[in-house]
1. Let me know the shape class of the stretch 102-165, please: from the alpha-carbon gyration tensor, a ≥ b ≥ c as square roots of the eigenvalues, rounded when a/c is under 1.5, otherwise prolate if a/b is greater than b/c, or oblate.
2. Length gain on complete extension for the stretch Gln110 to Thr138, per 0.36 nm per residue less the alpha carbon to alpha carbon distance?
3. Solvent-accessible area per residue for the stretch 50-164 at a 1.4 Å probe radius, Å²?
4. Mind putting together the pair-distance distribution for the stretch 13-138? All Cα pairs, 10 Å bins, whole percent per bin, short to long.
Amino acid sequence: MNQPEEAPNLHVDPYERIWMILGAVMIAAILVIIGITGFGAGFAVPDPVARVDPKTVANSLPFSDPGLRELAPGKYEAFILARTFLFQPREITVPAGSTVTFYVTSADVQHGFKIENTNVNLQIVPGQVSKLTTRFDTPGEFNFICHEYCGAGHAAMFGKVIVTP
Ligand code: CUA
């Protein structure tokens, strides 16, 4: 008659156990941090809101007349046209506390649009209008830059949002 089989001895070294626990804690902490920064800071995925023809977008509204429109007090929309190698307009001014919805597109190649110290960070893909809303609470100047290498004048592609008190 056979002996009943013994359960295999799953010995885990105490140090290995500590690292396993530490690893699980770190994964949990990273998920919590992503959750807090993502939802708490209002991160949003940029929407491709419309399709346009990059060859004609500069000649038809709204991008033939880019810039800021006031929808209601403190509520704006900004149409920005990116092209080699500038943003039209280069500068917009809003009062502190304003909510601005940006609509950005390209008249030629792929560009980027990042406004410092905000959640605005968009890829500007020719043929697509990218949209993102942000709120400017702090007075000051917020530079925006093209962060996608687009050619010889890439480094000259910048502008700013001026937030007045
Ligand atoms: Cu536009 Cu780099």
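1. oblate
2. Numbers: separation 28, 0.36 × 28 = 10.08 nm, distance 3.03 nm.
Using 0.36 nm per residue and subtracting the Cα-Cα distance, I get 7.0 nm.
3. 47 Å²
4. In order of increasing distance, the bins hold 12, 35, 24, 13, 9, 6, 2, 0 percent.
The values are calculated or read from the model by the stated rules, or taken from the named source; none is laboratory data. Fair warning: this is a prediction, and the values are worked out from it, not measured in the lab. For the accessible areas, the whole protein counts, side chains as well, though only heavy atoms, and no ligand, DNA or RNA atoms are used. Shrake-Rupley method; radii C 1.70, N 1.55, O 1.52, S 1.80 Å.
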